[in-house]
């Protein structure tokens, strides 16, 4: 088993606190703690989960027009949907900033940050943990079926992932909000994976 790199979480937290507003920082600590709990439950590397949870929203408070400019500047690939919904770019830009500003070289951590909003087909254990931790952290109270999903996340990670994707799509369609095609693609991927088992 490869030696897990230890990151200075205290230093990262200090820097991050200056970049985020108070509510976003509180949410971030909730995600970090929830990710740590899920990592312990499913045997994922704890330090990876802590770092990915801490930095998942590190680009969230960057204004949308600046997100677009930075993604163009750093040649971060953007989908047509993201160009029209730049708030989603905080995930990909966040992965870039985690590497550039926080010194994170770990590809698994960077992947988990990059896909935490929509998910992606073939997610790693850490990807799934960060995606779910973002959704179920204790400060969240808006999503439907939260108590059930929180319980499910600690029982069956795969089923919880499918449930979150399905509920998210249902909510977006019902409220007439634009839907990133990637979210539907990810749900279809995991549903077909479940059927083939």
**OP:** Give me 115, 58, 37 ranked fewest to most by other Cβ atoms within 10 Å of their Cβ, as a rough exposure proxy.
**Re:** 37, 115, 58
Original post:
Where a ≥ b ≥ c are the square roots of the eigenvalues of the C-alpha gyration tensor, would you call the range 108-197 rounded, which needs a/c under 1.5, or, failing that, prolate if a/b is larger than b/c, or oblate?
Top reply: rounded
Subject >> Alpha carbon convex hull of the range 1-138, volume per residue in cubic angstrom >> reply: 109 Å³
Original post:
residue 143 to residue 124: extension gain in nm, 0.36 nm per residue of separation minus the Cα-Cα distance?
Top reply: 4.4 nm
Subject >> Ranked list, fewest to most other Cβ atoms within 10 Å of each Cβ, for 90, 158 >> reply: 158, 90
Subject >> Between the range 124-146 and the range 79-120, the Cα center-to-center distance that results, in Å >> reply: 17 Å
**OP:** Extending each Cα 7 Å along its Cβ direction at residue 87 and residue 24, get the distance between those two points in nm, one decimal.
**Re:** 1.2 nm
Subject >> For the chain: relative contact order, % (alpha-carbon pairs under 8 angstrom, 6 or more apart) >> reply: 20 percent
Original post:
So, in nm, how far is label residue 13 from label residue 75 when the simple model puts each one 7 Å beyond its Cα toward the Cβ?
Top reply: 3.7 nm
Subject >> Fewest-first ranking of 100, 66, using other Cβ atoms within 10 Å as the exposure measure >> reply: 100, 66
Original post:
Between residue 154 and residue 191, what is the FRET efficiency for a Förster distance of 25 Å, r being their Cβ-Cβ separation, to the nearest 0.05?
Top reply: 0.70
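Taken together, the values in this text are just the output of simple stated rules run on the coordinates, not laboratory data. The structure presented is a predicted model; accordingly, all values stated were derived computationally and were not measured. For neighbour counting, all protein chains shown are included, and Cβ atoms are generated from backbone atoms with ideal geometry for every residue, glycine included.
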